[in-house]
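Engineer: One structure coming up, written as structure tokens, with questions to follow.
None of the figures in this text is laboratory data; all of them are computed from the coordinates on show. No experiment lies behind these values; they were computed from the predicted model shown. Cβ atoms come from the backbone with ideal geometry, glycine included; neighbour counts cover every protein chain shown.
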Amino acid sequence: MKATLPLKLRDVCVRRRGKTLIGPIDLSLDAGDLTIVLGPNGAGKTTLMRAMHGLQRLSSGSINYAVPTVAARDAQAFVSQHPIMMRRSLRDNLIYPLKLRGTSRDEATVMAEDWAARIELTHALSQAAPNLSGGEKQKVALARALITKPELVFLDEPCANLDGHATRDIETMLLAERDVGRTLVMSTHDLGQARRLATRVIFMLKGRVHETGTADSFFSTPKTAEAVAFLKGDIV
Ligand SMILES: Nc1ncnc2c1ncn2[C@@H]1O[C@H](COP(=O)(O)OP(=O)(O)OP(=O)(O)O)[C@@H](O)[C@H]1O
């Protein structure tokens, strides 16, 4: 399959009822990074990621992948902070995205069992997925996103509602994906998590991309007073 990245945003704006939610934004996203979208509440992180994934209609500007949009969407996954489980077993939840892509039932079952083992939920394969705990559901949501080996995964505050233990499990999965070169774009306002995971940072403020660069340079030498204030905890 042809690579869908880089992704290029030009003059992207999303407006609703006369209010600008994000934009104008110009941005380029390359393959192989774990990019953390950082910023205070309401900065536009979710809107930006939804726009990049095609869930949010643009008011103006354009978003282009290296391949036609339909093919690009097929190579992507989106994990939200409120994982929605189908009212079926954990096994069927993991099989579903593979089935949509034409994988045989037998092959999909093997892959589902392999992923259930990786997220330490083999014992729950036959359980109804909606009855799992919040942390377990989020691990399933992540496994369900990764099982198709997407080129690009968006994660919107995936640990927002999780305790320390579940957060660590999710971070371990994300680091493993980062280390095999999967391209990940994740929003958070948890600075500790951003420092642990990011290779690049997009810092958003009031709907605009305020600063972007490698994680090392952003955390060690932020360029703007606002980024310095955010890192000190003065903008929340
Ligand atoms: N559908 C919508 N209609 C109107 N306003 C919206 C809509 N979606 C989001 N907003 C507003 O757009 C702004 C950006 O919201 P967004 O959720 O993208 O920010 P965020 O950085 O992800 O915030 P948080 O960290 O709180 O999740 C906020 O002011 C929000 O209230």
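Engineer: Tally Lys/Arg at +1 and Asp/Glu at -1 over every other residue whose Cβ is under 15 Å from the Cβ of LEU100; what's the total?
Structural biologist: Numbers: positive: ARG73, ARG88, LYS99, ARG101, ARG105, ARG144, LYS149; negative: ASP74, ASP92, GLU107.
Once all neighbours under 15 Å are counted, the net charge is +4.
Engineer: Here's something else I'd like to know. In whole Hz and in residue order, list the ³J(HN,Hα) couplings for the range 169-184 that follow from phi through the Karplus curve 6.51 cos²θ - 1.76 cosθ + 1.60, θ = phi - 60°; x for Gly and Pro.
Structural biologist: Values per residue, Gly and Pro as x: 4, 5, 4, 4, 5, 5, 5, 5, 5, 4, 6, 9, x, 5, 8, 10 Hz.
Engineer: Using the structure shown, list the pairs from LYS8/LYS137; LYS45/LYS99; LYS19/LYS45 with a Cα-Cα distance above 25 Å, or answer none. The partial results should precede the final answer.
Structural biologist: Numbers: LYS8/LYS137 32 Å; LYS45/LYS99 31 Å; LYS19/LYS45 16 Å.
Table pairs above 25 Å Cα-Cα are LYS8/LYS137; LYS45/LYS99.
Engineer: Further question on the same structure: LYS223: which lysines have alpha carbons under 16 Å from its alpha carbon, excluding same-chain residues fewer than 8 sequence positions away?
Structural biologist: LYS223 reaches LYS232.
Engineer: Still on this structure, please answer the following. Got a sec to turn the phi values of the range 55-70 into Karplus ³J(HN,Hα) couplings, 6.51 cos²θ - 1.76 cosθ + 1.60 with θ = phi - 60°, whole Hz, x for Gly and Pro?
Structural biologist: So the J values, rounded to whole Hz, are 8, 10, 5, 7, 7, 7, x, 9, 10, 10, 9, 6, 10, x, 3, 4.
Engineer: Moving on to the next point. Rounded to two decimal places and with Rh computed the Kirkwood way over Cα pairs, what is Rg over Rh for the chain? Let's see the in-between values first.
Structural biologist: Numbers: Rg = 18.0 Å, Rh = 18.5 Å.
Here the Rg-to-Rh quotient is 0.97.
Engineer: Calculate one ³J(HN,Hα) per residue across the range 146-156 by plugging θ = phi - 60° into the Karplus curve 6.51 cos²θ - 1.76 cosθ + 1.60, and present them in order as whole Hz with x for glycine and proline.
Structural biologist: Once θ is set to phi - 60°, the couplings for the range 146-156 become 7, 5, 8, 6, x, 6, 9, 10, 9, 10, 9 Hz.
Engineer: Is it possible to state the helix-based mean residue ellipticity at 222 nm for the chain, with each DSSP H run of 4+ residues giving -39500 (n - 2.57), the sum divided by total residues, to the nearest 500 deg cm²/dmol? What is it?
Structural biologist: Numbers: 9 runs with 90 residues, N = 236.
Mean residue ellipticity at 222 nm (helix-derived): -11000 deg cm²/dmol.
Engineer: Still on this structure, I have one more. Out of residues 5 or more away from VAL37 or on other chains, whose amide H comes under 5 Å of its own, with H placed 1.01 Å from N in the peptide plane?
Structural biologist: MET186, SER187, THR188, ILE202
Engineer: Of the peptides 136-147, 54-65, 189-200, how do they stack up when ordered by the mean number of other Cβ atoms within 10 Å, highest first? Walk me through the numbers on the way to the answer.
Structural biologist: Values: 136-147: 23.1, 54-65: 15.4, 189-200: 17.1.
Highest mean packing first, the order is 136-147, 189-200, 54-65.
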